[in-house]
Amino acid sequence: MQLSEPEDMRGMSLYRDLLSVGEQAALVVELREIVRQAPLFTPVTPSGKPMSVRMTSAGRFGWISDRKGYRYSATHPDGMLWPAIPDMVRRVWDQVAGMAREPECCLINFYGEEARMGLHQDRDEADFSQPVVSISLGDEALFRVGNRTRGGSTQSTWLRSGDVLVMAGEARLLHHGIDRVKPGSSMLLPKGGRINLTLRVVS
């Protein structure tokens, strides 16, 4: 891991190419094992609408969404405990998260060609003073960041495989989302798509 000076995204810190190609490939192998233990599922919104991403988690908690609402759970929807967060993912956290507590959740989102993530805030955690760290793997995704309240101007950039984004401080509660994925922009995943890992302190 080579930590360089980050780009500024409205107070968010974007570390380009933090993970080497070899590190990315090794991490994908570990993620496949996590998915074997805790399979990807399609969450639905409280209104019952299926999301376009599939997800699972690692760590003490996983994030889930269904008709009961958005929340963290100690178990997968199928009932099993979540697998442990990979050591390489923890090392990324240690590199960029400063004096933050240890992450308790690694949310794993898989984006196919048509997947999107609308502008939203990460507000299901108990302590907003702790950062959120996002790792991008696979196809490039157009990331957009806005403001603490909805509306107003936004800023966009393409997140590439190996990039790491840190949302902390005043930028912790900015609205953000993924507008689209660029198919074929990475050779990391044989069948294409994008994996996003989001590390959070939950309690």
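What the table below lists for this structure:
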read-out	value
Given charges at beta-carbon only (K, R positive; D, E negative), |dipole| of the chain in Debye	660
Residue (of V145, G118, G98) at the positive-pole extreme of the chain, dipole from beta-carbon charges	G118
Residue of D66, D78, D124 that the Gaussian network model of the chain assigns the largest fluctuation, springs spanning Cα pairs under 10 Å	D78
Vicinal HN-Hα couplings computed from phi for region 96-104 (Karplus, 6.51 cos²θ - 1.76 cosθ + 1.60; Hz; Gly/Pro x)	10, 8, x, 8, 5, 5, 5, x, 10
Selected from M99, M51, M167 as most flexible by GNM, with the chain as the system and alpha-carbon contacts under 10 Å	M99
Segments 18-30, 171-183, 136-148, 35-47 sorted - mean Cβ within 10 Å per residue, highest first	136-148, 171-183, 18-30, 35-47
Global form of region 114-165, assessed from the alpha-carbon gyration tensor, a/c cut-off 1.5	oblate
Computed lengthening from S129 to S20, 0.36 nm per intervening residue step minus Cα-Cα distance	36.3 nm
Rounded, prolate or oblate (a/c below 1.5 giving rounded, otherwise prolate when a/b exceeds b/c) for region 1-74 by Cα gyration tensor	oblate
Lys/Arg +1, Asp/Glu -1 at C-beta; region 7-200 dipole; positive extreme among V44, L189, Y15	V44
Environment charge at S52 (Cβ cut-off 14 Å; Lys +1, Arg +1, Asp -1, Glu -1)	+2
All-pairs Cα distance distribution in region 41-154, expressed in whole percent, bin size 10 Å	12, 39, 41, 8, 0
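No value in this document is a laboratory result; all are computed from the given coordinates. Since the structure is predicted, the reported quantities are computational estimates derived from the model, not experimental observations. Positions of Cβ are generated from backbone atoms using ideal geometry, with glycine treated the same way; all protein chains shown enter the neighbour counts.
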